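Chemist: Take this structure first; my questions come after.
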Amino acid sequence: MLLSAFPEATSSFLPLLVVIALAALVPLLLGRFRSLTLPIMVGEILGGMVLGQSGLNWVPRHDPVLELLAEFGFVFLMFLAGMEVDLTALGANAAVRGQPARRGGHPLALAGLHFLATLALAAAVAFVIWRMGLARDLPLMALILSTTSLGVVVPVLKETGLIGGRYGQTLLLSALVADFVTMLFITVEVAVVSHGLTLDILLITGLFVVLFVLYRLGMWVVPVLSPLIEEMSHATAQAKVRLAFFLMFFFVVVAEFLGVEVILGAFLAGLLVALLLDPDDHALMHQLEATGYGFFIPIFFIMVGVRFDARAVFGSVQALALVGFLLVGAVLVKGVPAVLFRRAFSWRESAAAGALLSARLSLVIAAAQIGQDLGMLSETVVMAVILVAMVTVTAAPVVFTRLMGRTAPAGPRLPREPR
């Protein structure tokens, strides 16, 4: 009686039920067929493709509930990624406890060199596409090829148990630099093409001002309120979790107000929580990870697969011809610069790093769509970019896990200085 009185409400939750069922089924299937060595998120994307418009069409591409949850899942993923970054690893003497840092093994230096080399190679590939007349904006195409999916790198590093060591932090910083810098440059390029050169882009500094102010304030307030926060962190109050969510949404709203990407705000919020968190307090991280990876983040990855239109891509001969060129270029612009990682790691680790960093996902697809809307990229290039993103996001984690091992030991973590 109660359900029949609200037919619209019950029907709106049916697609969500299908997605949640898939999210619960994927880990079980991958656990049953361990020989596939597929990361869970890859299985979620492929499952979404099967249930979406490229397959059975059981899940609508545009569903208000799923769109909101998927967007929040991506924001949550960026928040957790921010919490994973250990800023003490950026110090000049950063090293894994018990293992002296090799010459040239500074994580941030390696990440910066890798991105600069990537950008140079991406510019060369973009120049060829520009000369073919398929892209009207060479800088935007180069930036699209330079992206790396932080949302893919973080779960894979966590799944393989590598995120805590120098190697994992170097890859994490490499993905962060690529995503952050390309996001900034794409924003500038689009702003210049759309409205001309203005000072609005400088508003992004407002987020960093907020981060600095809240960090300084937190360093004074947290020690004072710490006993009360600990007391109110029991099963029903969960004060720490609520404060973490407040900071995440606060930064997201500030980013929206400043006209900055909300995922940047979420990342900085996670970074702030990590800075203020007691290094020995792992309970909050575990609770947030359980919430994110247990519900919201799988919805995001599944919806990536649901929204992919395979028929639109394979229906264009020109797009298929371009896919091969873009795919090779996308791998080379990340794989060749990965030789720089040899300064600190083995050849196997360097090759695995190049493979994982070649994964692209949301940022590259969003940038390509923006370029098409503004007439900066042709429809053929956009379709090819989407397909390349799907191929790399599926293949890159598989290659990485095969090279590094699915259950690699976590290894020693980078030492954190007492705050």
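Chemist: Go through the residues of segment 299-322 one by one and say whether even a single one is without any contact (Cβ under 8 Å) to a residue 24 or more places away in the chain and under 18 Å from the mean Cα position of the chain (by Cα).
Modeler: No, every residue in segment 299-322 fails to be without any contact (Cβ under 8 Å) to a residue 24 or more places away in the chain and under 18 Å from the mean Cα position of the chain (by Cα).
Chemist: Take the residues of segment 27-47 that are not in a helix (DSSP H, G or I) and not β-branched (Val, Ile, Thr): which is modelled with the highest pLDDT?
Modeler: Taking segment 27-47 first, the residues not in a helix (DSSP H, G or I) are 33, 37-39.
Those still in the list that are not β-branched (Val, Ile, Thr) too: 33, 38-39.
Details: 33: 78, 38: 70, 39: 70.
The qualifying residue modelled with the highest pLDDT is 33.
Chemist: I've got another one for you. Residue pairs, Cβ under 8 Å, 6 or more apart or interchain, first in segment 347-358 and within 10 Å of residue 404 (Cα to Cα), second among the β-branched types (Val, Ile, Thr) and assigned to a helix (DSSP H, G or I). List them.
Modeler: Pairs that qualify, where the first residue is within 10 Å of residue 404 (Cα to Cα) and the partner is among the β-branched types (Val, Ile, Thr) and assigned to a helix (DSSP H, G or I), are 352/399; 353/170.
Chemist: Filter segment 66-96 for residues that are at pLDDT below 85 and in contact with an Asp or Glu (Cβ under 7 Å, 6 or more places away or on another chain) and give the result.
Modeler: Passing the criteria: only 88.
Chemist: Given the criteria of a type outside the set (Ser, Thr, Tyr) and under 23 Å from residue 153 (Cα atoms), does residue 39 qualify?
Modeler: Working: of a type outside the set (Ser, Thr, Tyr): yes; under 23 Å from residue 153 (Cα atoms): yes.
It is true that residue 39 is of a type outside the set (Ser, Thr, Tyr) and under 23 Å from residue 153 (Cα atoms).
Chemist: Give the residues of segment 126-147 that are within 15 Å of residue 327 (Cα to Cα) and either surrounded by fewer than 20 Cβ atoms within 10 Å (Cβ to Cβ) or basic (Lys, Arg) (or both), sorted by residue number.
Modeler: Passing the criteria: only 128.
Chemist: Turning to a different aspect of this structure: Can you name the residue in segment 221-257 that is surrounded by 18 or more Cβ atoms within 10 Å (Cβ to Cβ) and under 16 Å from residue 203 (Cα atoms) and is also modelled with the lowest pLDDT among such residues?
Modeler: 255
Chemist: Across segment 48-65, what is the number of residues that are buried (at least 23 other Cβ atoms within 10 Å of the Cβ) and either in contact with an Asp or Glu (Cβ under 6 Å, 6 or more places away or on another chain) or assigned to a helix (DSSP H, G or I) (or both)?
Modeler: Kept after step one, since they are buried (at least 23 other Cβ atoms within 10 Å of the Cβ), are these residues of segment 48-65: 48, 52, 59.
Next, from what is left, pick out any that are either in contact with an Asp or Glu (Cβ under 6 Å, 6 or more places away or on another chain) or assigned to a helix (DSSP H, G or I) (or both): 48.
Residues flagged as buried (at least 23 other Cβ atoms within 10 Å of the Cβ) and either in contact with an Asp or Glu (Cβ under 6 Å, 6 or more places away or on another chain) or assigned to a helix (DSSP H, G or I) (or both) within segment 48-65 amount to 1.
Chemist: So residue 115 ticks every box in (1) among the hydrophobic types (A, V, I, L, M, F, W, C); (2) more than 16 Å from residue 326 (Cα to Cα); (3) under 15 Å from the mean Cα position of the chain (by Cα) but one. Which box is left unticked?
Modeler: Tallying (1) among the hydrophobic types (A, V, I, L, M, F, W, C); (2) more than 16 Å from residue 326 (Cα to Cα); (3) under 15 Å from the mean Cα position of the chain (by Cα), residue 115 fails exactly one: (3).
Chemist: Kindly evaluate residue 187 against the criterion of being buried (at least 24 other Cβ atoms within 10 Å of the Cβ), within 22 Å of residue 376 (Cβ to Cβ) and among the β-branched types (Val, Ile, Thr).
Modeler: Values: buried (at least 24 other Cβ atoms within 10 Å of the Cβ): no; within 22 Å of residue 376 (Cβ to Cβ): yes; among the β-branched types (Val, Ile, Thr): yes.
So residue 187 does not fit the description; no.
Chemist: I'd like to check something: does segment 298-305 contain any residue that is in contact with a Lys or Arg (Cβ under 6 Å, 6 or more places away or on another chain) and not β-branched (Val, Ile, Thr)? Working first, answer last.
Modeler: We begin by selecting, within segment 298-305, every residue in contact with a Lys or Arg (Cβ under 6 Å, 6 or more places away or on another chain); these are none.
For segment 298-305, residues in contact with a Lys or Arg (Cβ under 6 Å, 6 or more places away or on another chain) and not β-branched (Val, Ile, Thr): absent.
Chemist: Filter segment 343-379 for residues that are over 23 Å from the mean Cα position of the chain (by Cα), surrounded by fewer than 19 Cβ atoms within 10 Å (Cβ to Cβ) and not aliphatic (A, V, I, L, M) and give the result. Write out each step before concluding.
Modeler: Here is the first cut: in segment 343-379, the ones over 23 Å from the mean Cα position of the chain (by Cα) are 343-348, 373-379.
Checking the rest, the ones that are also surrounded by fewer than 19 Cβ atoms within 10 Å (Cβ to Cβ) come to 343, 346-348, 373-375, 379.
Matches in segment 343-379: 343, 346, 347, 348, 373, 375, 379.
The values are calculated or read from the model by the stated rules, or taken from the named source; none is laboratory data. If you're wondering where the values come from, they're calculated on a predicted model, not measured in any experiment. Every residue, glycine as well, gets a Cβ built from its backbone with ideal geometry; the counts of neighbours run over all protein chains shown.
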